[in-house]
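Take a look at the structure below.
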Amino acid sequence: MNSKGIFITGTDTDVGKTYISAMIMKSLVKSNINATYFKAVLSGADEIENKLIPGDAKYVCDISGIDSNYDEMVSYTFKTAVSPHLASVIEDKEIKLEKIKYDFENLSNKYEFILAEGSGGIVCPIKIDDNECILLEDIINLLGFEVLVVARSSVGTINHTVLTVKYLEEKNIKIRGIILNEYDKNNIVHVDNAKVIEKLTNINIVAFIPKYQNESDDINIDLDKILE
């Protein structure tokens, strides 16, 4: 089985990628799509009973109800809450694209759709040493998925979002759409930011996620945009 999928990246750390991933996954499950979650590298994991628990994967599983086989979902899990390339050095665990590819292909043989989430923003170093430089874009290219960009709605998001889009385009990575998180339709700044971002990038904003969206509610997003 060659799975379809989408890659979730963001304009920065903590813009809501994992929350958006969980809500999209929940919608996929409710639509009877045989889907799963994948994250190549996760840092800042919780240690519970001498076992590292990848918090992002756990959150997505808890919200969506999918099976929580973290070892399949996350190729590399680090306890240290720093960039992946530094966490791997601190914890003396080498990151290899071959393992990421193997884990991804294993999921591809089991699931119809894979929702992959990146680490941090788009320019996230995965591995940097004297012999090799792996960036998040290399993982995106390895998976072969198009990208959804999660962005804030507040002041500063025009700059962050446009730069993210331009970088992706420079790397010939296709963008499926932009999602504005914590959006307030009554906030003139948020409304204007959305218009300017679409104008400057020529990329559609495919979802506006309200600031106080409840996890128990469904997000207003066209799944056809995700599944196409």
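Quick note: the coordinates plus some simple rules give every number you see, no bench work behind them. Quantities reported herein were computed from a predicted structural model and do not represent experimental measurements. Virtual Cβ from ideal backbone geometry, glycine too; neighbours counted across all protein chains shown.
If R0 is taken as 45 Å, the Cβ-Cβ distance between Leu142 and Asn186 corresponds to a FRET efficiency of 0.60. Here r is the Cβ-Cβ distance between Val123 and Lys51 and R0 is 30 Å; the resulting FRET efficiency, rounded to 0.05, is 0.45. Take the Kirkwood radius over Cα pairs of segment 74-149, plug it into Stokes-Einstein at 4 °C and 1.567 mPa s, and you get 98 µm²/s for translational diffusion. Overall, the anisotropy analysis places segment 13-113 in the prolate class: the square-rooted eigenvalues a ≥ b ≥ c of its C-alpha gyration tensor yield a/c not less than 1.5, with a/b exceeding b/c.
Bridges between two residues of the chain, per DSSP, are antiparallel at a rate of about 20%. Taking 0.36 nm per residue of separation and subtracting the Cα-Cα distance, full extension of the segment from Leu223 to Asp14 would add 72.9 nm.
Determine the shape class of segment 62-103: with a ≥ b ≥ c the square roots of the Cα gyration tensor eigenvalues, call it rounded for a/c under 1.5, and otherwise prolate if a/b is greater than b/c, oblate otherwise. Oblate, because a/c is 1.5 or more while a/b does not exceed b/c.
With the simple spin-label model, which puts each label point 7 Å out from Cα in the Cβ direction, the Cys133 to Lys110 separation comes to 3.5 nm.
Between the listed residues Ile221, Ile100, Ala87, the Cα displaced farthest toward the positive end of the dipole of segment 69-228, a dipole computed from Cβ unit charges relative to the Cα centre, is found at Ile221. Under the criterion of Cα pairs below 8 Å and six or more residues apart, the relative contact order for segment 4-227 equals 24 percent.
Which of the GluC sites (Glu not before Pro) across segment 1-84 are loop residues per DSSP, with 14 or fewer other Cβ within 10 Å? Here the sparse-neighbourhood loop sites are Glu49. Residues Arg152, Arg176, arranged from fewest to most other Cβ atoms within 10 angstrom of their Cβ, appear as Arg176, Arg152. Here the convex hull built on the C-alpha positions of segment 4-227 has a volume of 121 cubic angstrom per residue.
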